[in-house]
Each structure stands twice: as C-alpha cells, then as structure tokens.
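One structure below.
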Amino acid sequence: MAVEGRAGDQGAGQARRGLSLPDLTAPGLLGLPVVWLAVFFLVPIGIVVAYSVNVLSFGATTQGFTLGAWHDFVHSGVYLRLFWKSVKMSLIVSVVIVVLAYPLAYYLALSGTKRKYVLLLLLIAPFLTSYLLRVLAWTVLLGDEGPINSFLTSVGLHPLTLIETRFAVMLVLGYIWLPFVALPIFVSLESLDKRLLEAATDLGASRLTAFRRVTLPLSLPGVFAAFLFVFIPTIGEFVTPSLVGGASGYMYGNQIVDLFQTGFPDWQTGSVLAVFLLGVVVLLTLVFSRFLQPRQVSAG
C-alpha cells in the first residue's frame, strides 16, 4: 500500500508539473504594463521629440534634422517669459493650498474624531462631478453679473472684475486641486506613530514643540508629495485658464495648445515647448524625490 501511495504521489506530482501555470515572476507580471507604457507613453513622447527637431514635420514643411526651433525658443524670450509666468502662478497656488490643506489634514488625522472618514469623503465629494462643470460653475460665480458682483451692487459697492484675471485662474486651480493636496498630507499624518507624541509630552514638550520637532518633520514627505501633486499639473494647465483666465491668465499650456490647434499650426515649435515642459517636470520629480523619503526625528 505504501509503494502504491508513493507511486500515486509521484504520478500526481508529474501531472502538476505538466500543467501550464501562469508566470508570476516580475517579468511576467510587468510585461503587459511595460508594453502598454511603451506604446501609449514613450512612443508618443518620441514622436513629439522627433517633431521638435524636424525629423517629422506637419504639412508641406521640408523634413530634416535641425535645432532651429530650439534656438528660437531659447533666444526669443517670449515663450520663456510665459513659462516663468506660469511657474510663478503655479508656485503661488501650490504654496497657498499646502498651507491651507495642512491644518485640515492635521485635524482629520490627529483630532481623534470618529467622523474623520465621513469628513474625508466630503472633502473628495467634488470629484464625483465633472472637472469641466466645476470650472464652468466658477465662471458663473465670478462673472460680471454673477452672485458676487450682484451682491456688491445691491449693497451699493462697485462691482469687481473677477473673471478673466490671473486671480481667477489661481482661485479656481486652488479649488480644483485642494483635495489632491490634503490627501497625501492626511495619509502621512495618519501613519504617524502616536507614541512619539506621547513620549514628547512625557518629556515636557509643549504641543507646539512636539509639532515642530516630531509631527512636522515626519509629515514632510507627505507635504512634498502634495506640493508636487499640484505644482506639476498646474504648470501645463490650459483648460482652466481658457475658461476663466482670458488674456491676463494665459499660461504656458495655452500656448502649446494654440500652436497645435490654430488655423496656422506650428507643430515644431509646439513640440519644443512640450518637450521643454516635460524635461522640467522630470527634473523637478528627480529633485523632490529625495524629500519623499521618510525622515528621522531630530534629537536636538
């Protein structure tokens, strides 16, 4: 019986070895996503790069490798000034939103309220509606005959020019991206070891000192991640400036879109602007990645 049992086990083992099991190693799991990324991300980037150096061209333009568009981009100054204008607007939006979102995330994560997940759901509730509808709603609120100016007129005050300004663009961008900023900060604070705060209190530290020496350093990776989440997308933003910005709120992303979509498109210059923006985004990601690592609490 024992010999028959061993023979049966050997037969079952050979049968299992004969079955075709899925490859669960890293190459097997990552193969399809890598192919997808290459086809729908890397290849389009390569095409844009080719357009920027005139290896590919649109229309009747003669093809041939040249850096003329890059030379014009660097030396004209027009597009670089527009880029720095967009950087300043994005930087203001990012810093202000991080400052506003941190207390909100701090309350949700560390206040101990039983309803924090309900409040968190309310925070992300606007995502249940369309991005475009939310921006269009702001065009009504900020319009010359919108609720704000109507109220000012009713109380005898002079109406304000709110729409088609840089302020309108930064206000709407702040509203749109606030949940993206609050969530990584909330996650960073939520994972904080509460025993560290208790130990700081036992050692005589005030709440302000405990925040400055313990909570803030440990939450900085979430703060930097939140900053990147809003700063990088808003540099190339073009939908919101198109709807509420007008000429005053015209940004770098609007210029790229116009170069590709106007009646007399200039795909080569548009590709140069797009590749330059992509390079800046990659550089910022690499620079800030070192700040996204967990930090140690200072002993001093």
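The values are calculated or read from the model by the stated rules, or taken from the named source; none is laboratory data. From a predicted model like this one, the values you see are computed outputs, not experimental measurements. Don't worry about glycine lacking a Cβ; one is built from the backbone with ideal geometry, like all the others, and counts go over all protein chains shown. Heads up: the accessible areas ignore ligands, DNA and RNA and are worked out on the full protein's heavy atoms, side chains in. Shrake-Rupley method; radii C 1.70, N 1.55, O 1.52, S 1.80 Å.
Search region 125-159 for residues being touching a residue at least 12 places away in the same chain (Cβ under 8 Å) and charged (D, E, K, R), and hand back the single one that is most open to solvent (accessible area, probe 1.4 Å).
If we take residues in region 125-159 being touching a residue at least 12 places away in the same chain (Cβ under 8 Å) and charged (D, E, K, R), then ASP144 is most open to solvent (accessible area, probe 1.4 Å).
Which residue pairs have Cβ atoms under 7 Å apart, sit 6 or more places apart or on different chains, and have a first residue in region 187-204 that is under 16 Å from TYR106 (Cβ atoms) and a second that is of a type outside the set (S, T, N, Q) and open to solvent by 60 Å² or more (accessible area, probe 1.4 Å)?
LEU189/TYR106; ALA200/ARG213
How many residues does region 130-173 hold that are assigned to a loop (DSSP other than H, G, I, E, B) and closer than 24 Å to LEU82 by Cα? Working first, answer last.
Applying the first criterion (assigned to a loop (DSSP other than H, G, I, E, B)) to region 130-173 yields 130, 143-146, 155-165.
From what is left, the residues that are closer than 24 Å to LEU82 by Cα are 161-165.
Of the residues in region 130-173, 5 are assigned to a loop (DSSP other than H, G, I, E, B) and closer than 24 Å to LEU82 by Cα.
Tally up the residues in region 109-147 that are at pLDDT 90 or above and over 30 Å from the mean Cα position of the chain (by Cα), please.
Going through region 109-147 one residue at a time, the tally reaches 1.
Restricting to region 30-80, and then to whatever is among the polar types (S, T, N, Q) and touching a residue at least 24 places away in the same chain (Cβ under 8 Å), can you tell me which residue is most open to solvent (accessible area, probe 1.4 Å)? Working first, answer last.
Initial filter on region 30-80 (among the polar types (S, T, N, Q)): 52, 54, 57, 61-63, 66, 76.
Still in the list and also touching a residue at least 24 places away in the same chain (Cβ under 8 Å): 52, 54, 57, 61.
Numbers: SER52: 2, ASN54: 14, SER57: 23, THR61: 76 Å².
Within region 30-80, the match that is most open to solvent (accessible area, probe 1.4 Å) is THR61.
Within the bounds of region 162-172, is there any residue that is open to solvent by 40 Å² or more (accessible area, probe 1.4 Å) and without any contact (Cβ under 8 Å) to a residue 24 or more places away in the chain?
Within region 162-172, the subset open to solvent by 40 Å² or more (accessible area, probe 1.4 Å) is 164, 166-167, 170-171.
With the extra rule that they be without any contact (Cβ under 8 Å) to a residue 24 or more places away in the chain, the set shrinks to 167.
Within region 162-172 (the criterion being open to solvent by 40 Å² or more (accessible area, probe 1.4 Å) and without any contact (Cβ under 8 Å) to a residue 24 or more places away in the chain), the answer is yes, since at least one residue qualifies.
With the checklist (1) of a type in the set (A, V, I, L, M); (2) open to solvent by 60 Å² or more (accessible area, probe 1.4 Å); (3) free of Cβ contacts under 8 Å to residues at least 12 places away in the same chain in hand, flag the one item LEU100 doesn't pass.
Result: LEU100 passes all but (3).
Report, by residue number, each residue of region 176-217 that is of a type in the set (A, V, I, L, M) and farther than 27 Å from LEU228 by Cα.
Here is the first cut: in region 176-217, the residues of a type in the set (A, V, I, L, M) are 176, 178, 181-183, 185, 187, 189, 192, 196-197, 199-200, 203, 205, 208, 210, 214, 216.
LEU196, LEU197, ALA199, ALA200, LEU203, ALA205, listed by residue number.
Within region 189-202, is there a residue that is farther than 28 Å from PRO126 by Cβ and within 22 Å of the chain's Cα centre (by Cα)?
Keep residues of region 189-202 that are farther than 28 Å from PRO126 by Cβ, which gives 193-202.
Applying the additional criterion that residues be within 22 Å of the chain's Cα centre (by Cα) yields none.
Scanning region 189-202, I find no residue that is farther than 28 Å from PRO126 by Cβ and within 22 Å of the chain's Cα centre (by Cα), so the answer is no.
Between a first residue in region 111-123 that is at negative phi and in contact (Cβ under 8 Å) with a residue 40 or more places away in the chain and a second residue that is of a type outside the set (A, V, I, L, M, F, W, C) and in a helix (DSSP H, G or I), which pairs have beta carbons less than 6 Å apart while being 6 or more apart in sequence or on different chains?
From region 111-123, the pairs are LEU123/PRO179.
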